[in-house]
1. For the stretch 47-61, which residues satisfy the criterion of being in a strand (DSSP E or B) and without any contact (Cβ under 8 Å) to a residue 40 or more places away in the chain?
2. What's the number of the condition GLY179 fails, among (1) modelled with pLDDT of 90 or more; (2) of a type in the set (Gly, Ala, Ser); (3) at negative phi?
3. For the stretch 147-165, give me each residue that is modelled with pLDDT of 70 or more and open to solvent by 70 Å² or more (accessible area, probe 1.4 Å).
4. Among the numbered conditions (1) more than 21 Å from GLN167 (Cβ to Cβ); (2) among the hydroxyl-bearing types (Ser, Thr, Tyr); (3) open to solvent by 60 Å² or more (accessible area, probe 1.4 Å), tell me where SER304 comes up short.
5. When you go through (1) open to solvent by 30 Å² or more (accessible area, probe 1.4 Å); (2) at pLDDT 85 or above; (3) part of a loop (DSSP other than H, G, I, E, B) one by one for PHE31, which number turns out not to apply?
6. For the stretch 73-96, enumerate the residues that are of a type outside the set (Asp, Glu), at pLDDT below 75 and more than 15 Å from TYR40 (Cβ to Cβ).
7. Any idea which of (1) open to solvent by less than 20 Å² (accessible area, probe 1.4 Å); (2) assigned to a loop (DSSP other than H, G, I, E, B) is the one LEU227 doesn't satisfy?
8. Quick one: which residue in GLU236, GLU199 is part of a helix (DSSP H, G or I) and without any contact (Cβ under 8 Å) to a residue 12 or more places away in the chain?
Amino acid sequence: MGGSSNMTTTTSGGGTGGKDKDKGKDSPAAFMEGEKVLAYHGPLLYEAKVQKTETREDEWRYFIHYLGWNKNWDEWVPSDRLLKFTDENTRKQQELTRNQTVDKTIKTGRTAQNNPKGSNDAKTNEEDTKGVVKGKKRKNQLGNEEKERRSSDSLLMSQFPLTLKKQLVDDWEFVTQLGKLVKLPRSPTVDDILKKYLEHRIKKDNKISDSYAEITRGLRCYFDKALPAMLLYKKEQKQYKEEIKGDVSPSTVYGAEHLLRLFVKLPELLASVNMEEDALNKLQQKMLDILKFLQKNQVAFFLSAYDGDAKGADAVKGK
């Protein structure tokens with residue numbers, strides 16, 4: 001899921017949502033407690049359940065639980081983050097999935113399936129969808145995907161280092177609340193960090209590990225593809241267009257701040273990989289090892305403050 005529970009976004013919330021429908025404390029809530037909804041989180045869309053409702057500053061807010069996800073992701077959201085769970089909106093999920101642009105995943109020796117729960121079109125900056133199939137298969141499909149998400153979440157996200165979670169929250173606040181951007185190019189870059197990690201593994205194992213080399217190559221490739229499509233906040237889009245031109249790879253310009261965002265997306269991305277559960281768990285363990293390396297070098301790899309200004313960016317809260 002896109003970031004920590006505080007790394008939320010405000011989207012346009014198309015379809016049958018609550019935007020502009022429940023303004024004012026005297027207006028009824030657009031969504032009821034216990035109601036199943038579709039909820040935006042970053043550029044992704046998830047099934048969720050409304051657990052609480054309240055008004056803040058004359059606007060309704062909803063405390064939601066993302067179905068199939070750890071309760072640590074539960075959060076308060078405004079109405080324009082939610083859509084009614086209708087056939088029309090699930091069809092919209094399918095349509096957006098077909099428009100997704102990121103078509104590669106981390107190399108694992110098996111074929112990556114472009115199922116829903118992959119990446120999305122950068123222009124929509126909105127949605128992820130669970131794979132929905134027509135007719136009687138639909139419930140089984142959703143059930144299987146929830147199991148896959150639980151598996152990914154229980155291993156990778158449940159062990160996500162707390163100091164890196166705070167880093168994600170700070171990252172979100174700098175960009176979306178303070179209008180500050182990471183100055184580019186960064187040093188070390190994503191490319192530099194992955195090389196350092198591989199050197200770290202070689203020294204630790206006293207040999208060159210083909211599996212770790214393959215994973216770092218895959219992460220680098222996936223970062224380059226995923227960054228413009230699903231890792232940037234809207235305020236960062238202009239900066240990306242200015243910095244990444246021609247054959248320049250994002251991994252040679254961006255640093256740890258944006259690499260960390262990729263790890264938040266990995267549970268849903270890995271769930272679309274057609275591989276045995278044991279192999280998937282081993283892959284996630286390797287990802288956790290990279291996270292621990294980032295944590296160990298957090299002071300050296302991450303900025304403590306952002307100095308760039310998001311001039312001319314829309315004052316929106318999110319991706």
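The values are calculated or read from the model by the stated rules, or taken from the named source; none is laboratory data. All values derive from a computational prediction rather than experimental measurement. When we count neighbours, we look across all protein chains shown, and the Cβ atoms used for this are built from the backbone with ideal geometry, even at glycine. Each accessible area value is taken on the protein alone, full model and side chains, heavy atoms only, with ligands, DNA and RNA left out. Shrake-Rupley method; radii C 1.70, N 1.55, O 1.52, S 1.80 Å.
1. Of everything in the stretch 47-61, those that are in a strand (DSSP E or B) and without any contact (Cβ under 8 Å) to a residue 40 or more places away in the chain turn out to be ALA48, LYS49, VAL50, GLN51, LYS52, THR53, GLU54, THR55, ARG56, GLU59, ARG61.
2. Among (1) modelled with pLDDT of 90 or more; (2) of a type in the set (Gly, Ala, Ser); (3) at negative phi, the lone unmet condition for GLY179 is (3).
3. GLN159, LEU162
4. (1)
5. So the condition that PHE31 fails would be (1).
6. Selection gives ARG91, GLN94.
7. Tallying (1) open to solvent by less than 20 Å² (accessible area, probe 1.4 Å); (2) assigned to a loop (DSSP other than H, G, I, E, B), LEU227 fails exactly one: (2).
8. GLU199
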